[in-house]
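Have a look at the structure below before the remarks.
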Amino acid sequence: MLQQKIVPGREVFYAGESITVELANIPDIPGRAVFRTNLPGIRQRRKELIELHENLSEIQDLDWFDIEIPGSSSCRTITLPLIDVGCFEGKCCFIPDKDSAVLWAEGENFHFKVTNASSIAGTTIYSAFVRQFGRNLYLPRSTGSPQKTEMLDHSGYTVIPPSGTFRQLAGHLDHIFGKLNCRILQLLPIHPVPSSYGRMGCFGSPFAALDYFAVEPALAEFDTAATPMEQFEELVSAVHQRNGKIFLDIPVNHTGWGSKLQMEHPEYFCRDEHGNLESPGAWGIVWADLCKLDYSCREVAMFMAEVFLFWCSKGVDGFRCDAGYMVPEKAWDYIVAKVRSRFPETTFLLEGLGGPPEVQDRLLRCSGLDCGYSEMFQNYSRSGIRHYLQVMKKSLYTSGNLVSFAETHDNDRLAASGKTFARLRFMLCALLSTGGAFGFANGAEFFAAEKIDGHNDSALNFGEK
């Protein structure tokens, strides 16, 4: 029986690495030993996935090739460079010269994934909510709204306080990339949000996007020489000048009420049996300020792919895909193929918190999303931490790295339980990160204790020692 062996013994690799394929017990008859794989055909594979979704064309599997394993002995090897990012498979076989059946190695196909070389190191993430870099930046607790403002707000008037801006955040990049030595700046969503219709909270949720192709004007300073989008591009340029990367949070599963997409394509949204627009949710909570996109309509995935491509063209290096586990696998297959056909180095961070772990694992393993969220920060017992560390280690080698966050915007601040507790948990999550992938929310480094409120502008306690 032919035996196949792949070295190194893992299923996740980085572009620039190599694998060695060994085929043993080859019969002593004329013929060719080959590794049949789609490794060289990633561009063709992307093309077929795009055609499948856009034109309903059948997958032709034209991405498969036979790579001959040289030699004449019963055990032969070949080392293959891993250059392109993607998900691949392959299997060794022996093809006799005479017209007889192909002899296959025992076992299933070898499935493996190649991810961006840049993600092998330098993956500390600083998650920033631009709105917070304004009036409450240096305060230990936000001041709240004046009584007259609250009275007007309750009477139906729209009263929106000034927000932090891209330029104010840019003024702290030396702190983020210099002092903290973070390498990735991840922004919570920066799209326009509801100011009246469907608005909830003082500002409106950043996840209630009204226009995926625009930025919230409140995040920019009024400047006759630079539009809000150009001020965002200034921030991107400033990050790149510091040899950093910028990730953008895209709410891929939903928009806000009255969004541009909802106005132009109401058929893109889920409705219940009574015709009402549906709101998504998780953990038993309905996100009432959001409207759920309907990915059974294939145009929705096509639209979302254009959203990613637009921001790639603005210099964005990667994306946190909010509620990405709620998007069907086939939609992700298409989106990833479409984006990587033009921007192959794009990084996709899947937000799978609250979803089934097997869904996150499959999207990382088969659809080509690079990494996901670790739930280490939600484990507190010794047994829970020990168990989940093994989950993280397994994922690192079989499907994709899981980023260990000390704090996120969805959870209470560590410092709310005291500075000593915050220090210990912060160090624990950093120490137990795999592949060096570690992240935290802005203000954690200064023991900010006020929970990040997506509908307001919580205080960051910035600069506190």
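The values are calculated or read from the model by the stated rules, or taken from the named source; none is laboratory data. What you see is a predicted model, and the numbers here were worked out from it, not measured in a lab. Virtual Cβ from ideal backbone geometry, glycine too; neighbours counted across all protein chains shown. With ligands, DNA and RNA removed, areas are computed over all heavy atoms of the protein, side chains included. Shrake-Rupley method; radii C 1.70, N 1.55, O 1.52, S 1.80 Å.
From the Cα gyration tensor of the stretch 1-135, with a ≥ b ≥ c the square roots of its eigenvalues, which class applies: rounded if a/c is under 1.5, or else prolate if a/b is larger than b/c, or else oblate? Taking the square roots of the gyration eigenvalues as a ≥ b ≥ c, the stretch 1-135 is oblate. Relative to the longest principal axis of the Cα atoms of the chain, the long axis of helix 357-366 makes an angle of roughly 60 degrees.
For the chain, taking Cα atoms only, Rg and Dmax work out to 24.7, 91 Å respectively. The GluC sites (Glu not before Pro) of the stretch 74-160 that DSSP puts in a loop, and whose beta carbon has at most 16 other beta carbons within 10 Å, are E106, E108. Candidate cross-link partners of K419 among the lysines, defined by an alpha-carbon separation under 28 Å and a same-chain spacing of 8 or more, comprise K179, K451, K465. Packing, as the average of other Cβ atoms within 10 Å across residues, places the peptides 124-131, 136-143, 221-228 in the order 124-131, 136-143, 221-228, highest first. Counting charges near E58 (Lys, Arg +1; Asp, Glu -1) among other residues having Cβ under 11 Å from its Cβ returns a value of -3.
Listed by chain and number, the lysines placed with their C-alpha closer than 19 angstrom to that of K260 are K292; residues fewer than eight positions away on the same chain are left out.
If you take every DSSP beta bridge fully contained in the chain, what fraction is antiparallel? Give it as a percent rounded to 5. Among the beta bridges of the chain, antiparallel pairing accounts for roughly 55 percent. Against the chain, whose longest principal axis comes from its Cα atoms, helix 228-241 is set at around 50 degrees. The distance between label points at R298 and L389 comes to 4.8 nm (points 7 Å beyond Cα on the Cα→Cβ vector). Ordering N243, V286, T227 by Cα displacement along the dipole of the chain toward the positive end leaves N243 in first place; charges were set at the Cβ atoms of Lys, Arg (+1) and Asp, Glu (-1). Is the C-alpha gyration tensor of the stretch 1-53 telling us rounded, prolate or oblate? Criteria: a/c under 1.5 is rounded; beyond that, a/b larger than b/c is prolate, otherwise oblate. Oblate, since a/c reaches 1.5 and b/c is not below a/b.
For the stretch 1-88, carbon and sulfur atoms together expose 50% of the accessible surface, with a 1.4 angstrom probe and every protein chain in place. Distance from the C-alpha centroid of the stretch 176-210 to that of the stretch 277-304: 19 Å, rounded to the whole angstrom. Restricting the calculation to Cα atoms, the stretch 233-273 yields a radius of gyration followed by a Dmax of 16.7, 52 Å. Residue order by solvent-accessible surface for I83, I69 is I83, I69, largest first, with ligands and nucleic acids left out and a 1.4 Å probe. Quick one: with all protein chains in place, what share of the accessible area of the stretch 105-160 is carbon or sulfur, to the nearest percent (1.4 Å probe)? Of the solvent-accessible surface of the stretch 105-160, carbon and sulfur hold 55 percent. The stretch 1-58 and the stretch 341-390 have Cα centres separated by 25 Å.
Taking every protein chain into account, the accessible area of the stretch 306-441 amounts to 39 square angstrom per residue (probe 1.4 Å). Relative intensity of the stretch 207-278 on a log10 scale, I(q)/I(0) at q = 0.14, 0.19 Å⁻¹, equals -0.61, -0.88, per a Debye sum over C-alpha point scatterers of equal strength in the absence of solvent.
Of the listed residues F303, F65, the order by accessible area with a 1.4 Å probe, largest first, is F65, F303.
Within the same chain, aspartates and glutamates fewer than 8 places from K47 are excluded, and of the rest, those with a Cα less than 15 Å from its Cα are E58, D61, D63, D84, D333. Across the stretch 115-206, the fraction of Cα-Cα pairs farther apart than 22 Å, rounded to a whole number, is 43%. Per-residue ellipticity at 222 nm computed for the chain from its helices equals -7500 deg cm²/dmol, with DSSP H segments shorter than 4 residues left out and the rest contributing -39,500 (n - 2.57).
Quick check: net charge around V286, other residues with Cβ under 13 Å of its Cβ, Lys/Arg +1 and Asp/Glu -1?
In short, -2.
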